[in-house]
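Colleague: Sending over a structure as structure tokens; questions will come in a sec.
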Amino acid sequence: MQKTVTLADGTVLPALGMGTWNMGEGDADKRRAEMASLQYGIDAGLKLVDTAEMYGSGRSESLVGEALYRERDKVFLVTKVLPSNASEEGVAKACRNSLRRLGTDWIDLYLLHWRGGVPLEETVQGFRKLKKEGLIRNWGVSNFDVEDILELENYVQPGECQVNQILYSLEHRGVEYDLLDADRYRNIVTMAYSPIGQGGALLQNKALQAVAKRHKTSTGPATAAQIALAWVLRQRNMIAIPKAGSIDHLKQNIAAQEITLNDADLAELDRAFAPPEKKVSLEMI
């Protein structure tokens, strides 16, 4: 059974979505494989697709728009505005540019990509105006630490900010000290980007590989990547958005949902990737 997460407005989403960082930047063959992966995922029920105006200077959004052209009503579309475009006027312009690249009339969830120099209150006003105009359904933030969330509270109503998208994986556990609970307390869903790491270094860890050997999925013996993803998905109030540039990779991600890590597995992973014992500054990549 597919795990789900519920936003503050009652929207039910799959806990496993699809990220698109670095997609749309390769040759024609790679582009076709990426599009096929997105389309397969939608058919498999992974209706949440995350992108950003920054990814490939808009090329990721264009790829997503092309891939989802005939499936728009089935998709919960997330994109992000750069902090340099986060003024009230800048947000309006950036949103319309994203809509054009995505080939859609609305964005389901619009996020501020990270904190910049524009006052949060002004960005919030820009988001509210876009929502009133029907160009976005909801909004949220990305790469916000606890102090950022606390500041945001000065300008928003409870439940208004739907999501906080952050870096979270076995390699990056600092948010467990306080941020995950801070999000939950405010009914803000945490969305984990890069949940299986970057470049494969995480997946070479011997403890992770040892845990993988004890599990199986419908795709065969569990892989280190599947264990890393299952570890993130075990958290409540959590959506994970790994990238999958091929159908085979996406099938592996989907099958990771079948894995239930036991106490021994979790203890072994804790020994290899120690949970935080004190406040850690929010990490970003």
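Just so you know, all these numbers are worked out from the coordinates, no wet-lab data involved. Being a predicted model, the structure only gives us computed values, none of them experimental. Note that we place each Cβ from the backbone using ideal geometry, even for glycine, and neighbour counts take in every protein chain shown.
Colleague: Treating the angle as unsigned and between 0 and 90°, give the value, to the nearest 10°, between the Cα long axis of helix 120-132 and the longest Cα principal axis of the chain.
Modeller: On a 0 to 90 degree scale, this one is about 80.
Colleague: So what are the ³J(HN,Hα) numbers for region 30-40, from phi and the Karplus equation (6.51, -1.76, 1.60; θ = phi - 60°), rounded to whole Hz, Gly and Pro as x?
Modeller: For region 30-40, the Karplus curve yields 5, 4, 4, 5, 5, 5, 4, 5, 4, 5, 4 Hz.
Colleague: Using the structure shown, select from K93/K279; K47/K279; K3/K206 the pairs with a Cα to Cα distance greater than 30 angstrom. If you can, show how the numbers build up before the last one.
Modeller: Working: K93/K279 37 Å; K47/K279 34 Å; K3/K206 28 Å.
Going by Cα-Cα distance, K93/K279; K47/K279 fall outside the 30 Å limit.
Colleague: Can I ask one more? Only bridges with both residues in region 156-285 count here: give the DSSP antiparallel percent, nearest 5.
Modeller: Antiparallel: roughly 25 percent of the beta bridges in region 156-285.
Colleague: Rounded to the nearest 5, what % of the DSSP beta bridges within region 130-208 are antiparallel ones?
Modeller: If I count the DSSP bridges inside region 130-208, around 10 percent turn out antiparallel.
Colleague: Now a separate question. What residues have an amide H closer than 5 Å to that of F76, excluding those fewer than 5 places away on the same chain, when H is modeled at 1.01 Å from N in the peptide plane?
Modeller: Those lying under 5 Å, H to H, from F76 are L48, V49.
Colleague: Further question: Provide the percentage of antiparallel DSSP beta bridges, counting only those with both residues in the chain; round to the nearest 5. Please report the intermediate quantities before stating the final value.
Modeller: Details: 6 of 33 bridges.
So the antiparallel bridges amount to about 20 percent of the total.
Colleague: Can I ask one more? Under a Cβ-only charge scheme (Lys and Arg +1, Asp and Glu -1), can you give me the dipole magnitude of the chain about the Cα centre, in debye to the nearest 20?
Modeller: 720
Colleague: Computed on alpha carbon atoms, what radius of gyration and Dmax characterise the chain, expressed in Å?
Modeller: 18.3, 54
Colleague: Now for a separate question. Could you tell me which trypsin sites (Lys or Arg not before Pro) in region 25-79 are loop residues by DSSP with no more than 15 other beta carbons within 10 angstrom of their beta carbon?
Modeller: R70
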